[in-house]
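Every read-out reported here was derived from the displayed coordinates using simple, explicitly stated rules and does not represent laboratory data. These numbers were taken from a predicted model, which means no experiment stands behind them. Here Cβ is always computed from backbone atoms with ideal geometry, including for glycine, and neighbour counts include all displayed protein chains.
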Amino acid sequence: MPTPDLNTFKLPLLRRLFVLVIAACLPGCHMAQKTFSVDKPRSHRTATDHFEIRSDFRIAKDSPLVLELEELQKQITSALQLPKQRDPVVVYLFSDEQTYRNYMQTTWPTLPARRAYFVGTSRELAVYSFHSETIQEDLRHEFTHGLLHASLNTVPLWLDEGLAEYFEVRGREVGREHSGHVKYLQTARVNGWTPSLYKLEQMSDFQKMTQQDYAESWGWVHFMLHTNEQTRQVLINYLAELETRTVPGKLLPLLEKAAPSYYDGMLSHVSNMSRGIEFASHTTPTR
Ligand SMILES: [Zn+2]
C-alpha cells in the first residue's frame, strides 16, 4: 500500500502547521455503489466544554455517548496530567457506514478504509466515524488522539497509538487490560518476539504500524503507568515536555535511567497480565 502524501492534506495555516492522520487499527471494507452526499454531518450539533459532535442524526446532550466522552476527557486529563486543552475536538458522526466511507474516500482518497479516523490539521482537530455497534470503542480511541493533540504540541506516533489503545478499553476504572493485546503479545513472546521501545520510537508512518506495534505500544504505556511511581513519572514528565516541544525527544533513555531493569519488567508485566486473563477465562460463572 503506498505511503500517503501528507502534503495533499495541508490546509491554510491558522495557528500551528501540522497535518496528522491516525486511524483505528481495524481494517475497512467496501465502497458505496451509489452516489452519496460528500458533506460533513452538520444537521445536528451537541456541544460540551471540551468537544462538539456534529451529526446527521440527533444526539441528546445527556446521551450515554456524550456522557462517556465527557468522563473520558476527565480521566485522560487526570491520569496523564495534561495541560489545559487549547483547541476543541470536533467529532463528525455519520448515521451510516456507506455515507461515511463515501465522504472519507472523496475527501482523503489516499487513506486506507478504516472504521474511524482522527485527522488533525492546522484548521481543526476532527474525528470521523459512523453510527455502529462499536461506536463507543472507536470514538474512545480517536477522541484520545484528539485530546492529546488539543493539549500538546506534538506526540510521537507510538505513544499516540499506545495511549489511544490504553484509553479505548471501557470500564469503571481506567487501565483495564486490553485482553486482545495481552493475548497477542504473549503468543508473540512464545514465538520469539522481544519488545523494543527503540524500534517503536523510530516509527513515523501510521500505515506501517502492524498489529504487533499497536499491541506493544499499548504494552509500554500500560507497563509505565502501572508498574511503580518511577516508571509512571517518566511518562508523565515526558508528556509534560511535549506541551512545548515541536520535535519530541526519545523516551527510552529516560526510562532506562529511572528503571534500569525496564526490559525484564516489561516482559514480566505482560506475562502477569496474561496469567490474569487466562485465569478469568477459566472461571466458572456463579450464575
Ligand atoms: Zn489510533
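At Asn191 and Asn237, where each label point lies 7 Å from the Cα along Cα→Cβ, what is the point-to-point distance in nanometres?
So the two model labels end up 3.7 nm from each other.
According to a simple spin-label model (label point 7 Å from Cα along Cα-to-Cβ), what is the distance in nm between Arg245 and Lys74?
It works out to 3.1 nm between the two label points.
Provide the FRET efficiency to the nearest 0.05 for the Thr107-Gln207 pair, computing r from the beta carbons and using R0 = 22 Å.
0.80
For Val38 and Thr134, calculate 0.36 nm times their separation in residues minus their Cα-Cα distance, and state this gained length in nm to one decimal.
Length difference between fully extended and current span is 32.3 nm.
Extension gain Lys257-Asn228, at 0.36 nm per residue separation less the Cα-Cα distance, in nm?
Gain on stretching Lys257 to Asn228: 9.0 nm.
Calculate one ³J(HN,Hα) per residue across segment 98-112 by plugging θ = phi - 60° into the Karplus curve 6.51 cos²θ - 1.76 cosθ + 1.60, and present them in order as whole Hz with x for glycine and proline.
Whole-Hz 3J(HN,Hα) from phi for segment 98-112: 5, 5, 4, 5, 5, 4, 5, 5, 6, 7, 10, x, 8, 7, x.
Calculate the spin-label point distance for Arg123 paired with Thr48, positioning each point 7 Å from the Cα along the beta-carbon direction, and give it in nanometres.
Roughly 2.6 nm, to one decimal.
Cut-off under 13 Å on the C-alpha distance; same-chain residues fewer than 8 positions from Lys183 excluded. Which aspartates and glutamates are left, in chain and number order?
Once the sequence-local aspartates and glutamates are set aside, what remains near Lys183 is Glu216, Glu278.
When you count, for each residue, the other Cβ atoms within 10 Å and take the mean per peptide, how do 249-257, 108-116 rank with the highest first?
108-116, 249-257
When the Karplus curve 6.51 cos²θ - 1.76 cosθ + 1.60 is applied with θ = phi - 60°, which whole-Hz ³J(HN,Hα) does each residue of segment 187-192 get, with x for Gly and Pro?
5, 4, 4, 4, 8, x
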